[in-house]
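Here is the structure we will look at.
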Amino acid sequence: MQWGAQLQGDEGGGSRHYFYNCVFENAVRGDLRARYPKDSGHGFRINGNCQSLVFERCEFRHNGGLGFQPGGINVDRLAFLDCVFSGNESAAVSRPSKSTRMSFLRCQVSQNRSNQLPAAKPLSLATPNATFQIRGELEAGKPVRFRCTSTADTGEIVNRLWDFGEGIPELTEEPTHTFEKPGEYRVTLVVWDNEGLGARVEKTICVTKP
């Protein structure tokens, strides 16, 4: 295995990816089957041209190299919320470019070769406040309207992604969704503001029988 995961943006960059409750573990360092064995073993690797990434409740653990490597050019606005970096044979997080803005909020760091998090530029702007409203009866077979009420202190919300726990995600501000079967569903909204900062909110709803 080369890495647990890698992002590499093309010209113009890859941006606005939200990782939630992911585990990046047990990447092997120096595996000769890997395409680049000298660079292998990192839990998560960035190889340039990536901005506006959020990692929430993610774990980077027991990797043969780094827990996280923010490498390459044009890497900026990386936020880690309630993440765990543990048991990595190299550093928890490697040093990024001096221009890379990063923030670590309520993260746990232990038992790595180096537990020192990089002193990169912090994110100076507040993240959006993700909220939404539900309108209509939560009854199977009936359309339910969802409304994004999220706000951004620095500007406006420009991107939205709805996950209703079934079916295809929606991107509109006020989508309508019909749950065909009764039961519990986890509805998640991820938003991004015009500064490239992201946030998420999740609600569990109960859809009743007709």
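The values are calculated or read from the model by the stated rules, or taken from the named source; none is laboratory data. In this text, all values refer to a predicted model and were calculated from it rather than measured experimentally. Every residue, glycine among them, receives a Cβ derived from its backbone with ideal geometry; neighbour counts consider all protein chains shown.
Output the qualifying pairs, or none if there are none: Cβ atoms under 9 angstrom, residues six or more apart or on different chains, first residue in the range 36-55 and on the phi > 0 side of the Ramachandran plot, second residue aromatic (Phe, Trp, Tyr).
Note: pairs meeting the criteria are Gly41/Trp3; Ser52/Trp192.
Being at pLDDT below 95, buried (at least 22 other Cβ atoms within 10 Å of the Cβ) and assigned to a loop (DSSP other than H, G, I, E, B) is the filter here, so list the residues in the range 38-85 that pass it.
Hits for the range 38-85 are Ser40, Gly41.
Can you spot a residue in the range 159-169 that is small (Gly, Ala, Ser) and either farther than 30 Å from Leu66 by Cβ or not in a loop (DSSP other than H, G, I, E, B) (or both)?
The answer is yes, given that some residue of the range 159-169 is small (Gly, Ala, Ser) and either farther than 30 Å from Leu66 by Cβ or not in a loop (DSSP other than H, G, I, E, B) (or both).
Restricting attention to the range 9-45, which residues are touching a Gly at 6+ places or on another chain (Cβ under 6 Å) and of a type outside the set (D, E, K, R)?
Start the filter on the range 9-45 by keeping residues that are touching a Gly at 6+ places or on another chain (Cβ under 6 Å), which leaves 18, 24, 27-29, 37, 41-44.
Within the range 9-45, Tyr18, Phe24, Ala27, Val28, Pro37, Gly41, His42, Gly43, Phe44 qualify.
State which residue is surrounded by the most Cβ atoms within 10 Å (Cβ to Cβ) when the search covers only the range 173-187 and only residues that are in contact with a strand residue (DSSP E or B) (Cβ under 7 Å, 6 or more places away or on another chain) and not in a strand (DSSP E or B).
Looking at the filtered set, the residue picked out is Phe179.
Check Val144, Val190, Val201 and return the single one that is assigned to a strand (DSSP E or B), in contact with a Phe, Trp or Tyr (Cβ under 6 Å, 6 or more places away or on another chain) and surrounded by 15 or more Cβ atoms within 10 Å (Cβ to Cβ).
Numbers: Val144 fails: in contact with a Phe, Trp or Tyr (Cβ under 6 Å, 6 or more places away or on another chain); Val201 fails: in contact with a Phe, Trp or Tyr (Cβ under 6 Å, 6 or more places away or on another chain).
Only one candidate qualifies: Val190.
For the range 124-148, which residues satisfy the criterion of being free of Cβ contacts under 8 Å to residues at least 24 places away in the same chain and under 29 Å from Met102 (Cβ atoms)?
Ser124
Look at Ile157 and say whether it is hydrophobic (A, V, I, L, M, F, W, C), closer than 18 Å to Gln51 by Cβ and modelled with pLDDT of 95 or more.
Spelling it out, Ile157 is indeed hydrophobic (A, V, I, L, M, F, W, C), closer than 18 Å to Gln51 by Cβ and modelled with pLDDT of 95 or more.
For the subset of the range 75-111 comprising residues that are among the polar types (S, T, N, Q) and under 18 Å from the mean Cα position of the chain (by Cα), which member is farthest from Phe24 (Cα to Cα)?
Thr100
Could you identify the single residue in Ala130, Ala120 that is modelled with pLDDT under 95 and crowded, with 18+ Cβ neighbours inside 10 Å?
Selected residue: Ala120, the only one of Ala130, Ala120 that is modelled with pLDDT under 95 and crowded, with 18+ Cβ neighbours inside 10 Å.
Mind listing whichever residues of the range 90-103 are at pLDDT 95 or above and surrounded by 21 or more Cβ atoms within 10 Å (Cβ to Cβ)?
Ala91, Ala92, Val93
Being of a type in the set (D, E, K, R) and at positive phi is the filter here; which residues of the range 88-145 pass it? Full working, then the answer.
Step one: of the range 88-145, the residues of a type in the set (D, E, K, R) are 89, 95, 98, 101, 106, 113, 121, 135, 137, 139, 142, 145.
Selection gives Arg106 alone.
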